[in-house]
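One structure is given below, encoded as structure tokens.
The values are calculated or read from the model by the stated rules, or taken from the named source; none is laboratory data. On a predicted model such as this, the values are computed, not experimentally measured, just so you know. Ideal geometry is used to build each Cβ from the backbone, glycine not excepted, and the neighbour counts take in all protein chains shown.
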Amino acid sequence: MSRYLVDKAGRRLVFLAALVAILILLLIALFTFKEGLPAFLKIGFVKFIFGTKWSVAGGEFGILPFILASIYVTLGALLLSVPLGVSCAIFLAEVAPHRAREIVRPTVELLVGIPSVVYGLVGMLVVVPRMGDSLLAAIIVLTVMVLPTIISISEDSLRAVPHGYKEGALALGATHWQAIWHVMLPQARSGIATAVILGMGRAIGETMAMIMVIGNSIIIPTSPLSPARTLTGTLAMELGYASPGSLHWSALFATGVVLFILILALNSIAFIQRREGEG
């Protein structure tokens, strides 16, 4: 009887904790929408989203350059980090000798916990002197930041595939690489897709490292070497001196709303693609 009561209390406690977490997220979203609504009403949704000028003194607030920079940086980092991350995960799960695996895996896990400002500092000292403050510099730094997440989750997904699948492929005459490519990777695609989604979330939400290497110019980037500014960079740089209740203040919160919607849309697309792949 006591075991049943403990089990019931545990379930209710977990449910309550999940409910509180969801409630906190909803309150944050409602507060952000409430503070950003005046900007949408005064500036206009279309003008705010597609405007190319951001001038606090002139009262002009258009965030298209920030949106494009955020998308370019995120997609560029994923184009580099996904092949590298999945390849490294295959190496750790299926190819690496035991001693090499015991060295590389803790190193990858250690990289996950390094603060973003450290990545930004390394980027300033190593990448920026060669490429300047640019979109490409931000992509390279962000790729390094996203890699550990993709590697760790992809490796766990590959290791979760039952050994019988690979052994069956080898028994039918497949080579080791053919078994990995045609059996292991398709079976692990759900976990790999999760790794990509989490990497994408970190990429588009990264702030400090991007501020340090991207140049922070309010222009639409026309090449990989163009300076730019992301949505998160704008919030971090300007929210500190914006007057509460002003149009500038509201425009920054409206930028947060757009960032929220953009992350939600990208994650939804990735989730739908993942479900279709599982089907």
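Some points to look at:
- Residue tally, condition touching an Asp or Glu at 6+ places or on another chain (Cβ under 6 Å), within 21 Å of residue 79 (Cα to Cα) and of a type in the set (A, V, I, L, M), over the range 171-191: 0
- Of the residues in the range 82-98, at least one is touching a residue at least 12 places away in the same chain (Cβ under 8 Å), part of a helix (DSSP H, G or I) and either among the acidic types (Asp, Glu) or in contact with a Phe, Trp or Tyr (Cβ under 8 Å, 6 or more places away or on another chain) (or both).
- If the condition is being modelled with pLDDT of 90 or more and part of a loop (DSSP other than H, G, I, E, B), then the range 42-52 contributes no residue at all.
- Flag for residue 43 being in contact with a strand residue (DSSP E or B) (Cβ under 8 Å, 6 or more places away or on another chain) and over 21 Å from residue 265 (Cα atoms): yes
- Candidates 201, 205, 191, 215 - the one that is in contact with a Pro (Cβ under 7 Å, 6 or more places away or on another chain) and touching a residue at least 24 places away in the same chain (Cβ under 8 Å): 215
- Residue 222 vs. criteria under 28 Å from residue 132 (Cβ atoms), free of Cβ contacts under 8 Å to residues at least 60 places away in the same chain and not charged (D, E, K, R): yes
- Any hit, the range 205-221, residues being acidic (Asp, Glu) and either buried (at least 18 other Cβ atoms within 10 Å of the Cβ) or closer than 30 Å to residue 259 by Cα (or both): yes
- Flag if residue 228 is surrounded by 16 or more Cβ atoms within 10 Å (Cβ to Cβ) and more than 27 Å from residue 112 (Cα to Cα): no
- The set of residues in the range 99-121 that are touching a helix residue (DSSP H, G or I) at 6+ places or on another chain (Cβ under 7 Å), more than 9 Å from residue 148 (Cβ to Cβ) and free of Cβ contacts under 8 Å to residues at least 40 places away in the same chain comprises 101, 104.
- Checked against (1) farther than 30 Å from residue 130 by Cβ; (2) without any contact (Cβ under 8 Å) to a residue 40 or more places away in the chain; (3) surrounded by 14 or more Cβ atoms within 10 Å (Cβ to Cβ), residue 265 passes all but condition (3).
- Residue tally, condition among the aliphatic types (A, V, I, L, M), surrounded by 13 or more Cβ atoms within 10 Å (Cβ to Cβ) and within 14 Å of residue 139 (Cβ to Cβ), over the range 46-80: 8
- Residues that are closer than 19 Å to residue 254 by Cα, within 23 Å of the chain's Cα centre (by Cα) and among the β-branched types (Val, Ile, Thr), drawn from the range 7-51: 28, 32, 49
- Members of the range 53-73 found to be outside any helix (DSSP H, G or I) and either touching a residue at least 40 places away in the same chain (Cβ under 8 Å) or within 22 Å of residue 223 (Cβ to Cβ) (or both), listed by number: 53, 54, 56, 59, 61, 62, 63
- The residues of the range 123-172 that are surrounded by fewer than 16 Cβ atoms within 10 Å (Cβ to Cβ), among the aliphatic types (A, V, I, L, M) and assigned to a helix (DSSP H, G or I), listed by number, are 125, 126, 160, 170, 171.
- Hits in the range 192-244 (condition: within 17 Å of residue 79 (Cβ to Cβ), part of a loop (DSSP other than H, G, I, E, B) and either charged (D, E, K, R) or modelled with pLDDT under 85 (or both)): 206
- Criterion violated by residue 13 - all others in (1) surrounded by 12 or more Cβ atoms within 10 Å (Cβ to Cβ); (2) in a helix (DSSP H, G or I) satisfied: (1)
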